[in-house]
Amino acid sequence: MDLRKGFHEPAEKPKRFYKVVSVVETDGGFGVLLDGRNLRTPKAERMVLPTLAAVEQVAAEWAAQGETIEMAVMHATRLANTAIETIGATREGVAAQIAQYAGSDLVCYFAEDPAALVARQEAGWSPLVARAQADEGLRFERCTGIVHRDQPPETLAKVREIALGLDDFALAGMAFGAALFGSAVLAIALLRGWIDADEAFDLSRLDEAFQEEKWGIDEEAAERTARLRGEARVLERWFRALAD
């Protein structure tokens, strides 16, 4: 399940239909109120989150809307919707997809050249791979070039175990992160707090950044990079909010 794919804004964006956004403690957690009414998911389930910080993150997105509601930029709301409506019934499948990212993890595929790029990968990726083994028992095989190399089955099993050990909200975030970064290792690193969002995003695009320094970057690519970096920052706040 790639939480970053398959979402499309409606042809006509809905108009903002509420004035006041507030949060309330409720059975099982915390909810969002729009003009005193419970916010619900697209399938009409009540939006209930496990921590006050997480519900405040969602509430802030609704409060920030202007005349129309821009769901495409409401990443915390979309994560909450997915966690509530989908993850509970698909946990095994979601964990398996995260393990697939680990099976061809970005941070294991080092360039052959140029030496300057390889040095950046060594400095950025190698310490994370080492920490994944030391802290999580994840042993990855390093690769050079683009030819696929199988990772140890016990590593992929351990990634699934880590994913299934999370609650639905954190698991939704981990799946989002693995897809965003192309790396289960970077998603785990952000989840555990080893690195922050900007570090995770920069490490996920070392090759792109290297090429941009050489050839330049156009406006469209710059806008895309800024948008994806924003998603990474939302994800970091999501993980920290769930831990509060």
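The values are calculated or read from the model by the stated rules, or taken from the named source; none is laboratory data. Since this is a predicted model, take the numbers as computed values, not measurements. As a convention, Cβ positions derive from the backbone with ideal geometry for all residues, glycine included, and neighbour counts pool all protein chains shown.
Do we find that residue 147 is without any contact (Cβ under 8 Å) to a residue 12 or more places away in the chain, outside any helix (DSSP H, G or I) and not aromatic (Phe, Trp, Tyr) in this structure?
Working: without any contact (Cβ under 8 Å) to a residue 12 or more places away in the chain: yes; outside any helix (DSSP H, G or I): yes; not aromatic (Phe, Trp, Tyr): yes.
For residue 147, the condition - without any contact (Cβ under 8 Å) to a residue 12 or more places away in the chain, outside any helix (DSSP H, G or I) and not aromatic (Phe, Trp, Tyr) - is met.
Of all residues being assigned to a strand (DSSP E or B) and in contact with a Ser or Thr (Cβ under 8 Å, 6 or more places away or on another chain) in region 16-38, which is surrounded by the most Cβ atoms within 10 Å (Cβ to Cβ)? Just the residue, please.
Going residue by residue through region 16-38, those that are assigned to a strand (DSSP E or B) are 21-26, 29-34, 37-38.
After this cut, where a residue has to be in contact with a Ser or Thr (Cβ under 8 Å, 6 or more places away or on another chain) as well, the list is 29-30, 32-33.
On the way: 29: 16, 30: 20, 32: 26, 33: 18.
Of everything passing the filter in region 16-38, 32 is surrounded by the most Cβ atoms within 10 Å (Cβ to Cβ).
Which residue, of 70, 92, 56, is surrounded by 15 or more Cβ atoms within 10 Å (Cβ to Cβ), under 21 Å from the mean Cα position of the chain (by Cα) and among the charged types (D, E, K, R)? Talk me through it step by step, then tell me what you get.
Working: 70 fails: surrounded by 15 or more Cβ atoms within 10 Å (Cβ to Cβ); 92 fails: surrounded by 15 or more Cβ atoms within 10 Å (Cβ to Cβ).
When all the criteria are applied, what remains is 56.
Being in a helix (DSSP H, G or I), out of contact with any Gly (no Cβ under 9 Å at 6 or more places or on another chain), of a type in the set (A, V, I, L, M, F, W, C) and in contact (Cβ under 8 Å) with a residue 60 or more places away in the chain: is that true of residue 94 here?
Numbers: in a helix (DSSP H, G or I): yes; out of contact with any Gly (no Cβ under 9 Å at 6 or more places or on another chain): yes; of a type in the set (A, V, I, L, M, F, W, C): yes; in contact (Cβ under 8 Å) with a residue 60 or more places away in the chain: yes.
Yes; evaluated as a whole, the condition is true for this residue.
Consider only pairs whose beta carbons are under 8 Å apart and that are at least six residues apart or on different chains; among these, list those whose first residue lies in region 60-87 and is on the phi < 0 side of the Ramachandran plot and whose second residue is assigned to a helix (DSSP H, G or I) and among the hydroxyl-bearing types (Ser, Thr, Tyr).
Sorted first by the residue in region 60-87, then by its partner, the pairs are 61/77; 62/77; 71/77.
Count, please, the residues in region 150-170 that happen to be acidic (Asp, Glu) and in a helix (DSSP H, G or I). Full working, then the answer.
Here is the first cut: in region 150-170, the ones acidic (Asp, Glu) are 150, 154, 161, 167-168.
Right, trim to in a helix (DSSP H, G or I) and you get 154, 161, 168.
Final tally of qualifying residues: 3.
Just wondering, is there one or more residues in region 39-47 that are farther than 26 Å from residue 171 by Cβ, in a loop (DSSP other than H, G, I, E, B), at pLDDT 95 or above and hydroxyl-bearing (Ser, Thr, Tyr)? Lay out the reasoning, then the answer.
First pass over region 39-47, keeping only residues farther than 26 Å from residue 171 by Cβ: none.
Within region 39-47 (the criterion being farther than 26 Å from residue 171 by Cβ, in a loop (DSSP other than H, G, I, E, B), at pLDDT 95 or above and hydroxyl-bearing (Ser, Thr, Tyr)), the answer is no, since none of the residues qualifies.
For the subset of region 210-244 comprising residues that are surrounded by fewer than 16 Cβ atoms within 10 Å (Cβ to Cβ) and among the small types (Gly, Ala, Ser), which member is farthest from the chain's Cα centre (by Cα)?
216
Could you look through region 97-147, keep only residues that are in contact with a strand residue (DSSP E or B) (Cβ under 8 Å, 6 or more places away or on another chain) and closer than 19 Å to residue 179 by Cβ, and pick out the one that is surrounded by the most Cβ atoms within 10 Å (Cβ to Cβ)?
Going residue by residue through region 97-147, those that are in contact with a strand residue (DSSP E or B) (Cβ under 8 Å, 6 or more places away or on another chain) are 108-112, 118, 121-122, 125, 142-146.
Adding the requirement that they be closer than 19 Å to residue 179 by Cβ leaves 108-109, 125.
Values: 108: 19, 109: 20, 125: 23.
Per the criteria, the residue is 125.
Given 106, 156, 138, 117, which one is touching a residue at least 12 places away in the same chain (Cβ under 8 Å), in contact with an Asp or Glu (Cβ under 7 Å, 6 or more places away or on another chain) and of a type outside the set (Ser, Thr, Tyr)? Walk me through it before giving the result.
Values: 106 fails: in contact with an Asp or Glu (Cβ under 7 Å, 6 or more places away or on another chain); 156 fails: in contact with an Asp or Glu (Cβ under 7 Å, 6 or more places away or on another chain); 138 fails: in contact with an Asp or Glu (Cβ under 7 Å, 6 or more places away or on another chain).
Criteria check complete, one pass: 117.
Is it the case that some residue within region 172-192 is without any contact (Cβ under 8 Å) to a residue 40 or more places away in the chain, within 25 Å of residue 49 (Cα to Cα) and surrounded by 13 or more Cβ atoms within 10 Å (Cβ to Cβ)?
Kept after step one, since they are without any contact (Cβ under 8 Å) to a residue 40 or more places away in the chain, are these residues of region 172-192: none.
No, region 172-192 contains no residue that is without any contact (Cβ under 8 Å) to a residue 40 or more places away in the chain, within 25 Å of residue 49 (Cα to Cα) and surrounded by 13 or more Cβ atoms within 10 Å (Cβ to Cβ).
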